[in-house]
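Contents: one structure, followed by commentary.
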Amino acid sequence: MEQILIKKETNTEKPGKTARKILVAARAVFAENGYSGTHMNEIALRAGVNKATLYYQIGDKDTLYANVIHQVVGNIAQNIAQAIAHANGPEEKIHAYINTIVNAVDKNPEIPPIMMREVASGGATMPRVVLEDIALILTILAGVLEEGRKKSIFIETSPFLIHMMVMGTILFYKKGSLIKDKQSWIPEALKVHDKKLKAGLAKEVVMLVLKAIKR
């Protein structure tokens, strides 16, 4: 399933030092400007390399964009599979699935704006390899939901809908919090709830999802 795009490396999780610099710079620029607004010159400048090195290490803009997202989403798929393999029962597996996604978003804050732009555009520039990563995640989730249904723990529901419920909640919360935190006039009573949520976002999302799908 996993497609390797970096030219000089055999493992997208462990690119060489120069390729890593390029990917880090590209992730930031794509998050700030989107695919259409990003130029290779800016990425090369931010990475501290020339354009020839950028093309040699990674490839063209499409390949670089695919690598930036695939490096994160592909790892999420692998990590979900591993976490679920060590979980007992469908409810614990839902915990593992959501915890993995929240941890990945926390570690990769550039991913929410990139993915939200793709959703807003109808996936206009979404790379095929990333769609395959997402399909793998949905397949894993479908298996968990089906296990829960067969054990009469979960109702029958759509894996895609549940995945969008999870991703939408996490991504919109992460980006919306940046706006909300700038508003000094928000009552302290509301801020108290938010502080609790920030400390346990995964737990709250798990609770909402389980309430939605449990019999």
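The values are calculated or read from the model by the stated rules, or taken from the named source; none is laboratory data. Quick caveat, the model's predicted, so the values are computed rather than measured. With ideal geometry, Cβ positions are generated from the backbone for all residues, glycine too; neighbour counts draw on all protein chains shown. Please note that ligands, DNA and RNA were not included when accessible areas were found on the heavy atoms of the full protein model with its side chains. Shrake-Rupley method; radii C 1.70, N 1.55, O 1.52, S 1.80 Å.
I'm checking my understanding of the structure. Among residues of segment 90-131 that are open to solvent by 20 Å² or more (accessible area, probe 1.4 Å) and of a type in the set (Asp, Glu), which one is nearest to Lys211 (Cα to Cα)?
For segment 90-131, the residue satisfying everything is Glu91.
Have a look at Asn50, Asn33, Asn41 and point out the one that is open to solvent by 50 Å² or more (accessible area, probe 1.4 Å), free of Cβ contacts under 8 Å to residues at least 40 places away in the same chain and within 23 Å of the chain's Cα centre (by Cα).
Asn33
Would you check if there is a residue in segment 109-120 being modelled with pLDDT under 95, in contact with an Asp or Glu (Cβ under 9 Å, 6 or more places away or on another chain) and in a loop (DSSP other than H, G, I, E, B)?
Yes, because at least one residue in segment 109-120 is modelled with pLDDT under 95, in contact with an Asp or Glu (Cβ under 9 Å, 6 or more places away or on another chain) and in a loop (DSSP other than H, G, I, E, B).
All but one of (1) closer than 29 Å to Ile153 by Cβ; (2) aliphatic (A, V, I, L, M); (3) touching a residue at least 40 places away in the same chain (Cβ under 8 Å); (4) open to solvent by 20 Å² or more (accessible area, probe 1.4 Å) hold for Ala135; which doesn't?
Looking at each condition in turn, Ala135 falls short on (3).
Given (1) closer than 23 Å to Ile22 by Cα; (2) in contact with a Leu (Cβ under 6 Å, 6 or more places away or on another chain), identify the lone condition not met by Val102.
(1)
Condition first: outside any loop (DSSP other than H, G, I, E, B), within 18 Å of Asp106 (Cβ to Cβ) and either polar (S, T, N, Q) or at pLDDT below 75 (or both). Now tell me which residues in segment 157-185 satisfy that.
Those that are outside any loop (DSSP other than H, G, I, E, B), within 18 Å of Asp106 (Cβ to Cβ) and either polar (S, T, N, Q) or at pLDDT below 75 (or both): Thr169, Gly176, Ser177, Leu178, Lys180.
Within segment 141-156, work out how many residues are part of a helix (DSSP H, G or I) and open to solvent by 30 Å² or more (accessible area, probe 1.4 Å).
6
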